[in-house]
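**Q** Got a structure for you, questions after.
Coordinate-derived values only; no laboratory data. Keep in mind the model is a prediction, meaning the values are calculated, not measured. Neighbour counts are summed over all protein chains in view; Cβ atoms, including those assigned to glycine, are modelled from backbone coordinates with ideal geometry.
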Amino acid sequence: MSIRKIPTKSGGVLIIGEGSADRVDPIEFFRKHTIETKVALLKQKAKMKDPFMPTHAHEPLFVEEGEKLWEKRLQQMEDAPLAENFLQLLESKRKNEQEKLLKGMEITAMGLGGLFIKAGRDHGYSYSSYRVEKVPSDINEAQLPRVFHITKKGDLERYGQSPMTDKQLRGFFNQKNALIARVLDRGGEWHCFFQMERALRGAEGWKGGQPHIHYISDKWGISRKQLDEMIKSGSMSSSIHIALVDYGTQPSNTK
């Protein structure tokens with residue numbers, strides 16, 4: 001997990017990311033991420049109430065709260081609706097069978113987490129997570145503010161100094177992209193679920209901007225080494241689309 005604190009007049013903003021992982025136990029990975037995130041948020045909240053509070057003295061209590069949250073989150077992932085097709089996918093040995101299993105499928109964010117949990121616990125897979133940023137070549141990243149984002153209402157929020165105007169930052173935001181790839185490994189077998197950040201923002205044209213995940217596996221005739229190279233390049237493609245129905249910017253015609 002990655003955590004950055006950006007100082008502001010109101011105390012600071014925490015930027016928390018999943019972080020990278022390479023062939024780890026998915027349950028332990030998500031457990032650690034959940035607890036560390038909760039601890040970081042509780043420390044931030046305590047500091048905002050009392051800047052001089054020695055938060056290390058409360059660390060055991062914060063960790064206990066993190067453990068409670070993890071137990072709840074794990075139950076949510078295990079109980080989330082998950083089509084049997086996804087579990088059959090983990091034992092499928094042919095590309096055409098995998099394509100049939102995933103045709104027209106959709107999944108929730110919790111359901112995806114549940115798939116990774118069950119893949120590790122019940123099917124013997126390890127979990128890897130990678131993120132590769134792709135930024136416009138004409139942008140000097142040193143000129144960007146430390147953090148900026150577009151709110152759900154469409155407002156631009158920025159933290160840190162930058163000579164760039166709001167219009168320039170909006171243009172950069174609309175052009176930038178990132179590849180997010182999650183891989184399940186078991187011996188020589190692997191399954192890769194990947195997405196582009198633009199797809200989560202509804203900026204791709206599939207089904208009116210429906211956020212989605214792509215899929216490929218070793219049954220595509222691609223080695224794990226070749227997959228690593230594709231991920232590092234930030235360029236991947238697949239004709240398989242799995243609708244992510246409760247995350248990102250959903251199209252306006254979604255019920």
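**Q** Using DSSP to define loop residues, name the trypsin sites (Lys or Arg not before Pro) in the stretch 95-144 whose beta-carbon has at most 13 other beta-carbon atoms within 10 Å.
**A** On the way: sites: LYS95, LYS100, LYS103, LYS118, ARG121, ARG131, LYS134; in loops: LYS103.
When the trypsin sites (Lys or Arg not before Pro) of the stretch 95-144 are filtered for loop state and at most 13 Cβ neighbours within 10 Å, LYS103 remain.
**Q** For THR249 paired with SER235, estimate the spin-label separation in nm (one decimal), with each label point 7 Å from Cα along the Cα-to-Cβ line.
**A** Distance between label points: 2.5 nm.
**Q** Among the listed pairs LYS72/LYS118; LYS45/LYS176; LYS32/LYS72; LYS167/LYS207, which are separated by more than 24 Å between their Cα atoms?
**A** Values: LYS72/LYS118 16 Å; LYS45/LYS176 31 Å; LYS32/LYS72 14 Å; LYS167/LYS207 28 Å.
The pairs that break the limit, which is 24 Å between Cα atoms, are LYS45/LYS176; LYS167/LYS207.
**Q** Work out how much length ALA46 to GLU91 would gain on full extension: take 0.36 nm times their residue separation and subtract the Cα-Cα distance, in nm to one decimal.
**A** Details: separation 45, 0.36 × 45 = 16.20 nm, distance 4.70 nm.
Extra length from ALA46 to GLU91 when fully extended: 11.5 nm.
**Q** At most 12 other Cβ atoms within 10 Å and a DSSP loop assignment: could you name the trypsin sites (Lys or Arg not before Pro) in the stretch 199-245 that fit? Show your work: numbers first, answer last.
**A** Details: sites: ARG201, LYS207, LYS219, ARG224, LYS225, LYS232; in loops: ARG201.
Passing sites in the stretch 199-245 do not exist.
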